[in-house]
2 protein chains.
Amino acid sequence: MRFLSATSSDGVREQLFTLDDIPGALWTPEAAPAAPLPLVLLGHGGGRHKKDPEVLALAHRLVRECGHAAVCVDVPAHGDRPKVEEYDRLAAENQARVAAGEEPAPLIAAFHALVARRTVPEWRAVLDAVRRLDHVGAGPVGYWGVSLGCGLGVPFVAAEPRVRAAVLGLGGALASSEAAARITVPVRFLLQWHDERVPRDQGLALYDALASQQKTLHANPGGHAEVPPSEQDGTLRFFARHLAR
Amino acid sequence: MRFLSATSSDGVREQLFTLDDIPGALWTPEAAPAAPLPLVLLGHGGGRHKKDPEVLALAHRLVRECGHAAVCVDVPAHGDRPKVEEYDRLAAENQARVAAGEEPAPLIAAFHALVARRTVPEWRAVLDAVRRLDHVGAGPVGYWGVSLGCGLGVPFVAAEPRVRAAVLGLGGALASSEAAARITVPVRFLLQWHDERVPRDQGLALYDALASQQKTLHANPGGHAEVPPSEQDGTLRFFARHLAR
């Protein structure tokens, strides 16, 4: 793990790093409480990156309001990472198939499953490295990710026993219901009632497939990108409750 | 409106009353802030009454934590009210039909619609009377009711422009989707994922039918009576936010 820069604002320290060839950002309290801190891994959305405004806003609130650490790394072919020829080819193929009238949901799901084969081991390595840092430590781990962050997050949370609680959503069951059935930690699941990218029954089916005894579905009106801001308050309360030391 | 008794505990003043022949309970802060107070009308569940433990717990928290007033009256044939021969006859008929293999949901829905013909005007009269009291006043009004309280609450909220925000749930669309389509205030809607009394698609359809732009569906695993306690915290935050003066 190699640190590239460190800056601070509003009590939040941000360190940019690379781990092998993966670029990432780590946010921790400037006036650090005693480690270990709860750590939330954030999975960014499709076409976004580790310092996407939504990711940045959530990371800052997790640090300032909960005293947690937060980390996000670029997904392959996103942010500062090089293009992946196979992804580009698939994306072009999928666009053509949707233009020809095919349903987008199964294509998106298959693409997420492909990318997850790389991100699951990458994110596990990120947890290993970040939890070895003196100012973070080996505390409880949470995961947050919607849309692409859900498609990649479901197999990650299913594979990673260190994750104790997860916020997921804006994703469907097609690619990941098998992995979802292996998730048993508390989950907060967001669904947009008029999601133009994820059919409603697919989102409901993914929530249904989670094996967690504690799982709450929060549905709100509006499209894929219109999750109401009040859900972020609930996300902070959720992590504060489940990652309490 | 005739007051029968007044007691106080933990900062909450409880007054039992009758309005015409309707027995009710009113809860207000003992050390009353300046009226008008926000007022939440609570609709109790089937077979329950105005001082059901769930109603009582919520009323006390609304008073103590939000500084609101809360009121609940017995539904006809519940609590201190006399039996209604027509209801008894229908209940016996419905039991026989369910025993003979009929789906219970449409029977429950038809029964709620019948009872609502009495409760909607009764509850409107309760609002009139309580909001004329010096220690309550004509403040913003909220409604809370699940199960029977939802079956009766949907037509009430649809009919009553003074209600600014409502918590509903554990109910289906069969009887009330037409009334639901006239509800435009913010709604928090609770659904139990394994509800043995309300089919899941009926609950989802009732949420769908609400015309409100701000409406959140909260689904949790478990049966009709197993709403997790954390939902009550959310209910308090919901009323505090929407009934702020």
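The values are calculated or read from the model by the stated rules, or taken from the named source; none is laboratory data. No experiment lies behind these values; they were computed from the predicted model shown. Methodologically, a virtual Cβ is constructed for each residue, glycine included, from the backbone with ideal geometry; neighbour enumeration extends over all protein chains shown.
Does residue B:88 meet the test of being within 20 Å of the chain's Cα centre (by Cα), surrounded by fewer than 19 Cβ atoms within 10 Å (Cβ to Cβ) and free of Cβ contacts under 8 Å to residues at least 40 places away in the same chain? Taking the combined requirement at face value, the residue does not satisfy it. Total residues in the range B:157-185 satisfying the condition of being over 16 Å from the mean Cα position of the chain (by Cα), in a loop (DSSP other than H, G, I, E, B) and polar (S, T, N, Q): the figure is 1. The set of residues from the range B:186-234 being of a type outside the set (A, V, I, L, M), assigned to a helix (DSSP H, G or I) and closer than 17 Å to residue B:157 by Cα comprises B:207, B:208. Per the listing A:212, A:177, the residue uniquely surrounded by fewer than 23 Cβ atoms within 10 Å (Cβ to Cβ) and at pLDDT below 95 is A:177.
Considered as a group, the residues in the range A:12-23 that are over 21 Å from residue A:76 (Cα atoms) and out of contact with any helix residue (DSSP H, G or I) (no Cβ under 6 Å at 6 or more places or on another chain) include one that is surrounded by the most Cβ atoms within 10 Å (Cβ to Cβ), and that residue is A:14.
For the range B:37-54, the set of residues classified as outside any loop (DSSP other than H, G, I, E, B) and under 16 Å from residue B:123 (Cβ atoms) consists of B:39, B:40, B:41, B:42, B:43, listed by residue number.
Give the residue that is surrounded by the most Cβ atoms within 10 Å (Cβ to Cβ), with candidates limited to residues of the range B:235-245 that are more than 10 Å from chain A (Cβ to nearest Cβ) and assigned to a helix (DSSP H, G or I).
Here the residue is B:239.
Based on what the data block shows, is residue A:112 buried (at least 23 other Cβ atoms within 10 Å of the Cβ), out of contact with any Ser or Thr (no Cβ under 6 Å at 6 or more places or on another chain) and farther than 20 Å from residue A:19 by Cα? Against the criterion (buried (at least 23 other Cβ atoms within 10 Å of the Cβ), out of contact with any Ser or Thr (no Cβ under 6 Å at 6 or more places or on another chain) and farther than 20 Å from residue A:19 by Cα), residue A:112 qualifies. Restricting attention to the range A:211-224, the residues that are more than 7 Å from chain B (Cβ to nearest Cβ), without any contact (Cβ under 8 Å) to a residue 40 or more places away in the chain and not aliphatic (A, V, I, L, M) add up to 4.
Tell me, yes or no, whether the range A:67-75 has at least one residue that is surrounded by fewer than 20 Cβ atoms within 10 Å (Cβ to Cβ), part of a helix (DSSP H, G or I) and either out of contact with any strand residue (DSSP E or B) (no Cβ under 7 Å at 6 or more places or on another chain) or not polar (S, T, N, Q) (or both). No: the range A:67-75 contains no residue that is surrounded by fewer than 20 Cβ atoms within 10 Å (Cβ to Cβ), part of a helix (DSSP H, G or I) and either out of contact with any strand residue (DSSP E or B) (no Cβ under 7 Å at 6 or more places or on another chain) or not polar (S, T, N, Q) (or both). Residue B:203: surrounded by 24 or more Cβ atoms within 10 Å (Cβ to Cβ) and in contact with a strand residue (DSSP E or B) (Cβ under 9 Å, 6 or more places away or on another chain), yes or no? Yes: the conditions hold for residue B:203.
Listed conditions (1) over 13 Å from the mean Cα position of the chain (by Cα); (2) touching a residue at least 12 places away in the same chain (Cβ under 8 Å); (3) over 26 Å from residue A:234 (Cα atoms) are all met by residue A:121, apart from (2). With respect to the conditions (1) closer than 17 Å to residue A:213 by Cβ; (2) more than 12 Å from chain A (Cβ to nearest Cβ), residue B:228 falls short on a single one, namely (2).
Note on the range A:87-137: among residues that are over 19 Å from residue A:45 (Cα atoms) and acidic (Asp, Glu), the one that is modelled with the lowest pLDDT is A:103. Taking every residue in the range B:170-187 that is on the phi > 0 side of the Ramachandran plot and pairing it with any residue that is polar (S, T, N, Q), at least 6 positions away or on another chain, the pairs with Cβ-Cβ distances below 7 Å are B:170/B:147; B:170/B:192.
Counting the residues of the range A:169-210 that are under 27 Å from residue B:206 (Cβ atoms), among the aliphatic types (A, V, I, L, M) and within 14 Å of chain B (Cβ to nearest Cβ) gives 9.
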